[in-house]
1. Let me know the Rg and Dmax you get for the chain when you use only its Cα atoms, in Å.
2. Sum up the charges of everything whose Cβ sits under 14 Å from the Cβ of T31, counting Lys and Arg as +1 and Asp and Glu as -1, but leave T31 out.
3. Roughly how many percent of the accessible protein surface of the chain is carbon and sulfur, given a 1.4 Å probe and a whole-percent answer?
4. Quote the charge dipole size of the chain about the Cα centre in Debye, to the nearest 20; the model charges only the Cβ of Lys and Arg (+1) and of Asp and Glu (-1).
5. Would you mind checking which residues have amide H under 5 Å from I55's amide H? H placed 1.01 Å from N; only 5 or more apart, or other chain.
6. In terms of modelled amide H atoms, which long-range or inter-chain residues lie less than 5 Å from the amide H of M17?
7. Using the heavy atoms of the protein chains and a 1.4 angstrom probe, tell me the accessible area per residue for the chain in square angstrom.
8. Full extension from D88 to D26: what is 0.36 nm times the residue separation minus their Cα-Cα distance, to one decimal in nm?
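The values are calculated or read from the model by the stated rules, or taken from the named source; none is laboratory data. Just so it is clear, the structure is predicted and the values come from calculations on it, not from any experiment. We place every Cβ from the backbone using ideal geometry, glycine too, and count neighbours over all the protein chains shown. These accessible areas exclude ligands, DNA and RNA; they are computed on the full protein's heavy atoms, side chains included. Shrake-Rupley method; radii C 1.70, N 1.55, O 1.52, S 1.80 Å.
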Amino acid sequence: VLNFEQTEYFYVELLGMQVEWRPDEDNVYMTSGNDNLALHRVTEEPSGQQHLDHIGFIIAEIDQVDSWYDFLMGHEIEIFKQPQTHRDGARSFYCRDPDGNVVQMIFHPPLA
């Protein structure tokens, strides 16, 4: 990521992931208990590499989707798509982390 510190803050301080290992100042490995995420600092936009579509975080209860939306809005996080309920009973919204990656916060009945 280009915005290393801001992106780490987003995942650790706002989404509640924990730092599992920091081998140096340019790399950090985080966990939410079930999910793992690694951030690696870059100094220029990589070219020719695969681009991530989005990251999804499963939320345990449908009402928490709107609570997360309000919380992240309160921290001036860019919202990509407003909360909506899908035809399968899932409810989600999309935001962007400080490096521009799309993050989906989703309640999905089969997984919750």
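1. 14.6, 45
2. So the surrounding residues net to -2.
3. About 45 percent, which is the carbon plus sulfur part of the accessible surface.
4. The calculated dipole for the chain is roughly 440 debye.
5. Placed amide hydrogens put V102, V103, Q104 under 5 Å from I55.
6. V12
7. 64
8. 18.3 nm
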